[in-house]
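Peer 1: If you scroll down you'll find the structure; I have some questions about it.
Every number in this text was worked out from the coordinates using simple rules, so none of it is lab data. The shown structure was predicted, so the numbers you read here are calculated from the model rather than taken from an experiment. Glycine gets a Cβ as well: all are built from the backbone with ideal geometry, and neighbour counts include every protein chain shown.
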Ligand code: FAD
């Protein structure tokens, strides 16, 4: 493996001869770029340096050709090796580390979405390069200075990296997705698999299939809490409203823990962070851990029978009432 790394590194060194640039990790789902990666690419443009995007896995070529139309990207690297399918960090991090090491002086910045994949990859790359990553940034101040939340979003810290290479992950909901302007034809270069010595193996995954839009990127989210009593009522009250609005369904942790829905729908500090145009919270009290996942939504509607409920402190539109009466009425009127 030592030999193959040396050979590949020469290729990298010649292919990445770009001073002071950003390497952006772009995740795909099927043949398309994930919304959180498009958001991370917007953050990458704000670093103000030429961008090399890297896409991995057997489906990556098609996504790369979509991205190649963007005038915001300067170069695309693709490895179609199926070893990169499922993005095992043990496989992906040696390749990223190699690119960053061999492009020393070239790639000053590395960015990944703060998705499950990005969160899995970034610390590993940081450890391999002995660099302190800055995770979950919500604002770029300059190429080495960022704003990131702490204490479930109750404090915002401004962090300046002193490392030679700056590694960050970008929170999807904090940056609009990159719009691919179809104004360019960016060169795509194929790169080889980097031997990893990995001994872990992908076995299987169970993904909840839903007709509703993806929670992380939906423009409208309808969320339910413990106030909806049980799974049957949760579905009966929320599904018709979500269908009317073309919304994703979310939930509080209490709703998830009570078995009303799958835990992939949890919004909050230990769930997903969303910032849709419209967030409707039904029977959710508004604990800080829930607010951490939705308070940046553009318009917040809260429906709760308790007028003292803290959710009303962050709501733009407050409806005090029994969800079992007002939500069906609202759905009917819509
Ligand atoms: P409750 O607090 O029980 O509120 C139910 C609400 O429904 C009440 O306000 C009530 O007035 C209202 N209600 C009842 N009946 C009706 C009705 N008929 N019509 C209208 N309204 C009604 N929580 C999260 O959500 N996400 C997280 O990621 C998360 N992470 C956490 C991490 C840690 C470390 C900890 C300690 C906690 C975390 N929590 C999280 C849990 C959080 O503290 C709250 O317990 C949880 O959010 C409460 O959920 P809820 O609002 O659905 O339930």
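Peer 1: Antiparallel DSSP bridges in the chain: what percent, to the nearest 5?
Peer 2: Details: 11 of 55 bridges.
The antiparallel fraction comes to roughly 20 percent.
Peer 1: First measure r as the distance between the Cβ atoms of residue 190 and residue 159, then evaluate 1/(1 + (r/R0)^6) with R0 = 56 Å and state the FRET efficiency to the nearest 0.05. Write down the numbers at each step before the final one.
Peer 2: Details: r = 35 Å, r/R0 = 0.63.
For R0 = 56 Å, the calculated efficiency reads 0.95.
Peer 1: What is the Rg over Rh value, at two decimals, for the chain, using alpha-carbon atoms and the Kirkwood definition of Rh? Walk me through the numbers on the way to the answer.
Peer 2: Details: Rg = 21.6 Å, Rh = 21.1 Å.
Looking at the chain, the ratio lands at 1.02.
Peer 1: Against the longest principal axis of the chain, how steep is helix 323-333, in degrees 0 to 90 to the nearest 10, with axes from Cα atoms?
Peer 2: It is inclined by approximately 80 degrees.
Peer 1: Determine, for each peptide in 195-206, 296-307, the mean count of other beta carbons within 10 angstrom over its residues, then list the peptides with the highest first.
Peer 2: In descending order of packing, they fall as 296-307, 195-206.
Peer 1: By how many nm would the segment from residue 65 to residue 233 grow when fully extended, if each residue of separation counts as 0.36 nm and the alpha-carbon distance is taken off?
Peer 2: Working: separation 168, 0.36 × 168 = 60.48 nm, distance 4.51 nm.
Additional length available on full extension: 56.0 nm.
Peer 1: Gain in length, residue 306 to residue 151, computed as 0.36 nm per residue apart minus the alpha-carbon separation, to one decimal in nm?
Peer 2: Details: separation 155, 0.36 × 155 = 55.80 nm, distance 2.67 nm.
Going from the current span to full extension adds 53.1 nm.
Peer 1: What order, most packed first, do the peptides 135-143, 314-322 have when packing is the mean number of other Cβ atoms within 10 Å of each residue? Let's see the in-between values first.
Peer 2: Values: 135-143: 18.0, 314-322: 15.2.
The packing order, highest mean first, is 135-143, 314-322.
Peer 1: Sticking with this structure for a sec: Sort out for me the Cα centre separation of the stretch 27-42 from the stretch 128-182, rounded to whole Å.
Peer 2: 17
Peer 1: Helix-only estimate, please: 222 nm mean residue ellipticity of the chain, summing -39500 (n - 2.57) across DSSP H runs of length 4 or more and dividing by its residues, to the nearest 500.
Peer 2: Values: 10 runs with 101 residues, N = 334.
Dividing the helical sum by the residues of the chain leaves -9000 deg cm²/dmol.
Peer 1: Treating the angle as unsigned and between 0 and 90°, give the value, to the nearest 10°, between the Cα long axis of helix 35-46 and the longest Cα principal axis of the chain.
Peer 2: Helix 35-46 and the main axis of the chain meet at about 60 degrees.
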